[in-house]
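See structure below.
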Amino acid sequence: MRLLLLPAVFVFVGLIGLTAQPRELVSDNGTLKIKLDLTRGGAISYVSLSGSGRNLVNIYDEGRYIQQSYYAGKDVDRKKEGQSPKWSPWCWNPIQVGDEFHNRAKILDYKQSGDTLWVKCIPMQWDMNNKPAEAEMEQKTILSGNILHVYCKLTCRMIDTIYNPGNSVSQELPAVYPISSLQNLYAYIGNKPFTNDTVSNLPVVFLSSGFWGKYPEVPEHWMAFVDSAKWGMGVYNPLCTGFIAGMAGKPGGESQDGSTSYIAPVKEEALNKDSVFKYDYYIIIGTIDAIRMKVYELNKTNE
């Protein structure tokens, strides 16, 4: 009887270990509800109005979400080592969620205190098949009213010598994928920032044209994709006056659809083998006027 019982005990203990880590961290402050996916590096996988159930974040594949993504070094052909032919040659590109082959980042630690959520993970190299990047990513997300204030940290631990990092590269700070039902792109691109001068409804560049739209001068540091009622998601990074944005597929998509909108504040930064890089940004949900008002308030605190 003992011999029969022992395997059952071990299986039971194993199951406890497997279920100890939750699949997500969730916060709902009565205005917004957010989720961080612990099966995908703790990236932001869900943002909705409290009680709505409609996710404003596109999560079609591991390249979407709202997540950290960095670039360094030269483009290298590694197809013999499992690199995707679609992304070859490619540079060092650690991704918070996972890789092109749907392998996912590993969570090292996580914790939550009320509306403050923190995660730490080992990211994946986007172009490679199941190759963890020689780096760690941390993310602290604070939910306050209609704002997510997100702090990001990349710690490089590169041993690999093939990429020769240290070159200045345009970094996504961060990569943000709103649903394509938020199809109208707005920003202020004039020369009188923070004076309530008229914002612009910008033409949306489709990825099928060859690349996202490039916006080198966005002096109020924000862009937003909104619906026909001018309500949606804004992205504000006080470090950045350059942005790239656009749409893949077609308007009208939701969180699980192949079509998506895209915004990334961008800035030239060089990463070395042992770099530690930090920045913070904000996701703001509301009308264009409400998003801009919050940006103006935040800009005063960042002056």
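Some values worked out for this structure:
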quantity: Scope the stretch 65-105; condition within 15 Å of ASN129 (Cα to Cα), in contact (Cβ under 8 Å) with a residue 40 or more places away in the chain and of a type in the set (Phe, Trp, Tyr); matching residues; calculated: TRP87, TRP92
quantity: The lone exception for SER181 - which of (1) farther than 20 Å from VAL97 by Cβ; (2) surrounded by fewer than 20 Cβ atoms within 10 Å (Cβ to Cβ); (3) not aromatic (Phe, Trp, Tyr) it fails; calculated: (2)
quantity: Residue match in the stretch 125-133 (condition: hydrophobic (A, V, I, L, M, F, W, C), in a strand (DSSP E or B) and either within 20 Å of ALA248 (Cα to Cα) or over 15 Å from the mean Cα position of the chain (by Cα) (or both)); calculated: no
quantity: Selected residue (criterion: surrounded by the fewest Cβ atoms within 10 Å (Cβ to Cβ)) from residues of the stretch 139-158 that are aliphatic (A, V, I, L, M) and in contact (Cβ under 8 Å) with a residue 60 or more places away in the chain; calculated: MET158
quantity: Residue tally, condition within 16 Å of the chain's Cα centre (by Cα) and without any contact (Cβ under 8 Å) to a residue 60 or more places away in the chain, over the stretch 32-45; calculated: 2
quantity: Verdict on LYS120 being touching a residue at least 12 places away in the same chain (Cβ under 8 Å), buried (at least 16 other Cβ atoms within 10 Å of the Cβ) and farther than 22 Å from PRO178 by Cα; calculated: yes
quantity: Residue selected from the stretch 51-77 under the condition more than 12 Å from the chain's Cα centre (by Cα) and basic (Lys, Arg), by the criterion farthest from SER255 (Cα to Cα); calculated: LYS74
quantity: Filter result (over 18 Å from VAL199 (Cα atoms) and among the aliphatic types (A, V, I, L, M)) within the stretch 259-297; calculated: ALA264, VAL266, ALA270, LEU271, VAL276, ILE283
quantity: Answer from VAL235, VAL205, VAL199 - the residue that is surrounded by 18 or more Cβ atoms within 10 Å (Cβ to Cβ), farther than 27 Å from VAL169 by Cα and β-branched (Val, Ile, Thr); calculated: VAL199
quantity: Subset of the stretch 191-201 [in contact with a strand residue (DSSP E or B) (Cβ under 8 Å, 6 or more places away or on another chain) and without any contact (Cβ under 8 Å) to a residue 40 or more places away in the chain]; calculated: SER200, ASN201
quantity: Among the candidates ALA248, ALA290, residue that is of a type in the set (Gly, Ala, Ser), modelled with pLDDT of 95 or more and more than 20 Å from the chain's Cα centre (by Cα); calculated: ALA290
quantity: Qualifying positions in the stretch 198-216 - among the hydroxyl-bearing types (Ser, Thr, Tyr) and outside any loop (DSSP other than H, G, I, E, B); calculated: SER200, SER208, SER209, TYR215
quantity: Boolean, LEU49 is out of contact with any strand residue (DSSP E or B) (no Cβ under 6 Å at 6 or more places or on another chain) and within 18 Å of ASP115 (Cβ to Cβ); calculated: yes
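Every residue, every condition in (1) assigned to a strand (DSSP E or B); (2) at positive phi; (3) among the small types (Gly, Ala, Ser), yes or no:
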site: GLU138; (1), (2), (3): yes, no, no
site: HIS149; (1), (2), (3): yes, no, no
site: THR155; (1), (2), (3): yes, no, no
site: PRO165; (1), (2), (3): no, no, no
site: VAL169; (1), (2), (3): yes, no, no
site: TYR186; (1), (2), (3): yes, no, no
site: ASN196; (1), (2), (3): no, yes, no
site: VAL218; (1), (2), (3): no, no, no
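The values are calculated or read from the model by the stated rules, or taken from the named source; none is laboratory data. Please read all numbers here as calculations on a predicted model, not as lab measurements. Please note: Cβ atoms are built from the backbone with ideal geometry, for glycine as well, and neighbour counts cover all protein chains shown.
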